[in-house]
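Contents: one structure, followed by commentary.
The values are calculated or read from the model by the stated rules, or taken from the named source; none is laboratory data. What you are looking at is a predicted structure, and each value in this text was computed from that prediction instead of being measured. Methodologically, a virtual Cβ is constructed for each residue, glycine included, from the backbone with ideal geometry; neighbour enumeration extends over all protein chains shown. Heads up: the accessible areas ignore ligands, DNA and RNA and are worked out on the full protein's heavy atoms, side chains in. Shrake-Rupley method; radii C 1.70, N 1.55, O 1.52, S 1.80 Å.
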Amino acid sequence: MGTREPVESEGGFRASVSLLRRNGDFRRLYLASLISLGGDWFLIVALFGLVLELTGQAVAVAFTLAAQDLTYFLVSPFAGVLADRLDRRRLMIAADLARAGLVLGFLLVQSEDTVWLIYVLLAAVAVFSAAFEPASAAALPNLVEDRDLSTANALSGSLWGTMLAVGAGLGGIVSAALGRDTAIVIDSISFLVSALLIVRIRASFAEARAQREHASVREDTVETVRYARKDHRVLALLGVKFGWGMAGGVLVVIPLLAHETFQAGDIGLGLLMAARGIGALVGPFMGRSMLGPQDRRMFLAISVSVATFGLGYVLVGFAPTLLVVMPLVTFAHLGGGATWTLSGYGLQRIVPDRIRGRIFAFDGMLVTLTFGVSSILTGVLADAYGAQTTAIVMGGVALLWALVWSWLTSDVRRATMLEGCGPAPELELLAPEPQAT
């Protein structure tokens, strides 16, 4: 396959509306994600409040994040292989149906003695999320034209923020007014609706694949690592969220700020999560606007985005009231949303379809490992020193990573600014390494 030049595309609100109007398959995938993500934020707000109410410990909140992320890390190598071997549509539908059933198990948690069930169920849900997410990310370039890919990524990244803002805000209100069980049931229903929408997608989720003998998971993993080593842009993009995850545990302080520092309860938590969502909604579009012709400024934009995330949380640590914290959280997640979307878009642009699922699974594996460990560390620090001091420390970690990553990727950034960021020649990069004779 020859190298293709990155395709220029018009940006902005009109391009987004145009894509949703004329591409029915992408619209269905977008709506499926929109609905299931909204349900997820209903659930998360309910669980954060429930865990704090039953245990009174910040580290218990941290374990709700770690249970998902460390499980995701462990199963990602297998999930990535499935995303490249199996029918991606059927895999995503099966994952949605499984999660719809598992989520109802949270209704059984009624006392401190049953809190352990939250961690078990979150780990089980993470197994199916680890299969769904790389399959969805790998399929996206096959559902839209090349000229629409950056717009599709901005929309996909922003919908996470949209439903964080709407879902978390409404989730806090629903949990406070109707009870946490209602929020749990809504999340289960959202997965069923997502599955129904994905069933209606008619376009292929993958390119036609040549018949070949299935390699072992180990061999597939080796091929994935070998591919990444041969294109330093891929290594750099995999490193973005890996490093972001080292500071990402700072998200543990959000429920602590709402429930303990400012005594605002589930409604305060919903407001802070909504503020986070607004940043995550706008951030992907801001990041896309910084790409430049042929995506030449991609790596510069990522450096600025990671630094913005860190600076925002450093400032959160000095905020005197909840009303001041809210815009600072929004500011931080302008950077977080841009970072997440730009790194994913870069991988979609560069990596060929036949290995894309494994690359995205590897990407998810790295970030969930560091994020899970960071969440536990953040919980321990918050119990010892308080939420705001911990926000300053973890925001500083993100700022430090922005500097280190920028230094480590200076050669890639310079090359991209000169040559643009287009797909690599697949045959050259995936050629087998020479065998000793």
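I'm told Thr378 meets every condition in (1) open to solvent by less than 10 Å² (accessible area, probe 1.4 Å); (2) not in a helix (DSSP H, G or I) except one. Can you identify the failing condition by its number?
Just one mismatch for Thr378, condition (2).
Any residue in segment 111-133 that is farther than 24 Å from Ala79 by Cβ sitting within a Cβ distance under 8 Å of a residue that is aliphatic (A, V, I, L, M) and open to solvent by less than 60 Å² (accessible area, probe 1.4 Å)? List the pairs, counting only those 6 or more apart or interchain.
That search, which allows pairs on different chains as well, returns Ser111/Leu54; Glu112/Leu54; Val115/Val51; Val115/Leu54; Val115/Ala60; Val115/Val109.
Restricting attention to segment 293-322, and to residues there that are closer than 17 Å to Thr341 by Cα and part of a loop (DSSP other than H, G, I, E, B), which single residue is most open to solvent (accessible area, probe 1.4 Å)?
Selected residue: Arg297.
Which of the following residues is modelled with pLDDT under 90 and under 17 Å from Ala135 (Cα atoms): Leu369, Leu347?
Leu347
Consider Thr389 against the criteria (1) within 20 Å of Ala67 (Cβ to Cβ); (2) surrounded by fewer than 24 Cβ atoms within 10 Å (Cβ to Cβ): it satisfies all of them except one. Which criterion is unmet?
Of everything listed in (1) within 20 Å of Ala67 (Cβ to Cβ); (2) surrounded by fewer than 24 Cβ atoms within 10 Å (Cβ to Cβ), Thr389 misses just condition (1).
Got a number for residues in segment 133-143 being open to solvent by 10 Å² or more (accessible area, probe 1.4 Å) and either outside any helix (DSSP H, G or I) or more than 18 Å from Asn23 (Cβ to Cβ) (or both)?
Counting residues in segment 133-143 that are open to solvent by 10 Å² or more (accessible area, probe 1.4 Å) and either outside any helix (DSSP H, G or I) or more than 18 Å from Asn23 (Cβ to Cβ) (or both) gives 1.
Could you please find all residues in segment 83-111 being open to solvent by 50 Å² or more (accessible area, probe 1.4 Å), farther than 14 Å from Glu133 by Cα and part of a helix (DSSP H, G or I)?
Result: Arg85, Leu97, Leu104, Leu107, Leu108.
So, in segment 242-283, how many residues would count as being modelled with pLDDT of 85 or more and open to solvent by less than 10 Å² (accessible area, probe 1.4 Å)?
14
Exactly one of (1) modelled with pLDDT of 80 or more; (2) closer than 23 Å to Ala264 by Cβ; (3) open to solvent by 10 Å² or more (accessible area, probe 1.4 Å) is unmet by Val166. Its number?
Here Val166 meets the rest and fails (1).
Quick one: Ile186 ticks every box in (1) part of a loop (DSSP other than H, G, I, E, B); (2) at pLDDT 75 or above bar one, so which box is it?
Single failed check for Ile186: (1).
For the subset of segment 61-82 comprising residues that are touching a Phe, Trp or Tyr at 6+ places or on another chain (Cβ under 9 Å), more than 30 Å from Arg200 (Cβ to Cβ) and among the small types (Gly, Ala, Ser), which member is surrounded by the most Cβ atoms within 10 Å (Cβ to Cβ)?
Top of the filtered list is Ala66.
Please verify whether segment 155-162 includes one or more residues that are buried (at least 23 other Cβ atoms within 10 Å of the Cβ) and modelled with pLDDT of 85 or more.
No: segment 155-162 contains no residue that is buried (at least 23 other Cβ atoms within 10 Å of the Cβ) and modelled with pLDDT of 85 or more.
If I go through segment 204-238 residue by residue, how many of them are farther than 30 Å from Arg28 by Cβ, modelled with pLDDT of 85 or more and crowded, with 19+ Cβ neighbours inside 10 Å?
Result for segment 204-238: 2.
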